[in-house]
Structures are given as structure tokens and as C-alpha cells.
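J.: Questions regarding the structure given below will be posed in turn.
The values are calculated or read from the model by the stated rules, or taken from the named source; none is laboratory data. All of these numbers come straight from a predicted model, not from anything done at the bench. Here the Cβ is made from the backbone with ideal geometry for all residues, glycine too, and neighbour counts use every protein chain on show.
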Amino acid sequence: MSLSTHRRCQLTIIAEYVLEEKLIALAGCLGVHGYTVHEVRGGSFSADGERRREGAGEIDRTIEMKVICERAVAENIAQQALEQFGGNFSVRVLLAEVEVFRPGMY
């Protein structure tokens, strides 16, 4: 038995926790069939190598939202998220090509 795959895009948005409901609503309005959201922690390093942790406090929480959809939908969500929230919130957006087995779900 050979299963065929279909190309889609996985959009990942890493953002402040307060944006979770707004990002979900945005994705729904722009045609997404489903999503996943996880609470995540991350950090960075300063120029001198000192570690800085983000999302350490209760009010400084971070989420990662993943959506698999057609590329045009993913690009539209990314653009809207950056325009609406990128100026005032920490928002990181990544896009990757993926292959799915059940294209009707995405």
C-alpha cells in the first residue's frame, strides 16, 4: 500500500500569551480548519554570552501556535499577525513546507 502526500505549509507563531485568543480568532477568520497551541519557554544570549530567559514569570508567558494550511492562507495570517501585533508585542513567525496524508483536513 502506497500513501500519497500533499504539500501544505506549517505556520508557526511564537508570541506573548495575551495574544492567544486574538491569533486563534485571526486564523479562523482567514480560513484555517484547525490549530494547536502550546505554552513554551525560550531564551537568548547577549553579546557577551550571558543567558537571558524569556517567559520566566507568570505575566511573561509565551505561546507557540501551529497551523497547517495552504501557503496563501499561511502568508495571509503571517502578514496580518505581524501588522496587527508585531509593533507592540513580541511575535516571531516561521513558515515551513510540510507533506500531509489527508489534504482535506488542511
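J.: For segment 41-68, give me each residue that is modelled with pLDDT under 90, part of a strand (DSSP E or B) and either under 17 Å from the mean Cα position of the chain (by Cα) or within 21 Å of residue 86 (Cβ to Cβ) (or both).
T.: 42, 43, 44, 52, 54
J.: Out of all the residues in segment 25-36, is one or more more than 21 Å from residue 102 (Cα to Cα), exposed (fewer than 15 other Cβ atoms within 10 Å of the Cβ) and at pLDDT 95 or above?
T.: Yes: segment 25-36 contains one or more residues that are more than 21 Å from residue 102 (Cα to Cα), exposed (fewer than 15 other Cβ atoms within 10 Å of the Cβ) and at pLDDT 95 or above.
J.: So, residue 61, is that one surrounded by fewer than 17 Cβ atoms within 10 Å (Cβ to Cβ) and touching a helix residue (DSSP H, G or I) at 6+ places or on another chain (Cβ under 6 Å) or not?
T.: Answer is yes for this residue.
J.: Separate question: What pairs come out if I take residues in segment 27-40 that are on the phi < 0 side of the Ramachandran plot and part of a strand (DSSP E or B) and pair them with residues that are of a type in the set (Gly, Ala, Ser) and surrounded by 13 or more Cβ atoms within 10 Å (Cβ to Cβ) whose C-beta lies under 8 Å away, six or more apart or interchain?
T.: What qualifies is 40/55.
J.: Go through (1) in contact (Cβ under 8 Å) with a residue 40 or more places away in the chain; (2) of a type in the set (Gly, Ala, Ser); (3) within 24 Å of residue 5 (Cα to Cα) and name the single condition residue 81 misses.
T.: Only one criterion in (1) in contact (Cβ under 8 Å) with a residue 40 or more places away in the chain; (2) of a type in the set (Gly, Ala, Ser); (3) within 24 Å of residue 5 (Cα to Cα) is unmet by residue 81, namely (3).
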